[in-house]
Amino acid sequence: MLNDRLRREAAELLRTAERERAPVPPLTELFEGIGTQDAYEIQLLGIRRRTGDGACVTGHKVGLSSPVMQAMMGVDEPDYGHLLDAMELRPDTPVRAAAYCAPRVEVEVGFVLGADLPGEGCTEADVLAATERVVPALELIDSRIADWRITIADTIADNASSAGYAVGEGRDPRELDLKAIEARLGSGGNTLAEGRSDAVLGDPATSVAWLARTVARFGVPLRKGHLILPGSCTRAVDVSAGRTYTAEFTGLGSVSLTFA
């Protein structure tokens, strides 16, 4: 367990790494004894600084939502991070790849809330009742930790490796089988990754319910209008400048990002 001074020091290291696009060594190497609780407190320090500077929280993302990724990290549950208005990307505006340390994209079925979610005891039924629409989404992830050498504490502290997101129009969730949406990520006519929505904890709504229950322990609500990214349907793919990446979802539509 770290003291408050060390947590603030870790948060400042990550802030500087992001601002200067200069990744730092794993926090687990720099701060002996850092744990998951420390990591979430470090994440919140970073978010509070950014909201204090005028940023707005627009939602949350879930990471490590597949059994394979959990096994790799040696954990038995997902993690989460915050989405901010400054992270929103537009499909019609090229993204400068050099603005990030080591960017990758992930394919997700996003949930846009039409009502607040309950915290403790939140269920999949609550999620469906509160969801205004599900949307095709691309999450841009990045690591302020050098070479993606991350443990669970590293990625949590680093806001679950969040960097940006783009979404399409979407549909009413009651019109779809949310567990059977086929997803494809392509670029330049080539398929880079494929998957299905049930790769996310068996049902992406399960991931959103887990998130609502988990963040409630930290006094964080999931509000009407928030975007929730429940986890990737496919593996993450490194991005390159000069290429466009398109995520296509059966019955849901598509969304693209171009990197300059």
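The values are calculated or read from the model by the stated rules, or taken from the named source; none is laboratory data. The structure displayed is predicted, hence computed values, not measured ones. Using ideal geometry, Cβ is built from the backbone for each residue, glycine included, and neighbour counts are taken over all protein chains shown. Areas reflect the complete protein model, heavy atoms only, side chains present, ligands, DNA and RNA absent. Shrake-Rupley method; radii C 1.70, N 1.55, O 1.52, S 1.80 Å.
The figures follow:
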read-out	value
Cα gyration tensor shape of the range 124-260, rounded if a/c is under 1.5, else prolate or oblate by comparing a/b with b/c	oblate
Taking N as its residue count, the alpha carbon Rg of the range 76-153 over 2.2 N^0.38 Å	1.36
Volume in Å³ per residue [convex hull over Cα atoms, computed for the range 192-231]	80
Surface share of carbon and sulfur [accessible, 1.4 angstrom probe, percent] for the chain	48
For Asp79, residues with placed amide H under 5 Å, excluding near neighbours	Gly63, Leu64
Simple Cβ-charge dipole of the chain, Lys/Arg +1 and Asp/Glu -1, about Cα centre, in debye nearest 20	520
Loop-resident sites, the range 13-117, for trypsin sites (Lys or Arg not before Pro), counting at most 16 other Cβ within 10 Å (DSSP)	Arg21, Arg96
Cα gyration tensor, the range 57-203 - rounded (a/c under 1.5), prolate or oblate	rounded
For the range 10-134, Kirkwood radius (reciprocal of mean inverse C-alpha pair distance, Å)	17.2
Options (i) 18.0, 55; (ii) 17.2, 51; (iii) 17.5, 61 - which one matches Rg and Dmax of the Cα atoms in Å as calculated here	(ii)
Residue-normalised accessible area of the chain, expressed per residue, 1.4 Å probe, Å²	43
GNM top mover of Ala241, Ala180, Ala205 - the chain, alpha-carbon springs below 10 Å	Ala241
Rounded to the nearest 20 debye, dipole of the range 107-248 from Cβ charges on Lys, Arg, Asp, Glu	180
Sparsely packed trypsin sites (Lys or Arg not before Pro) within the range 175-260, loop by DSSP, other Cβ within 10 Å at most 12	Arg217
P(r) tail fraction, the range 138-179 - alpha-carbon pairs more than 11 Å apart, %	71
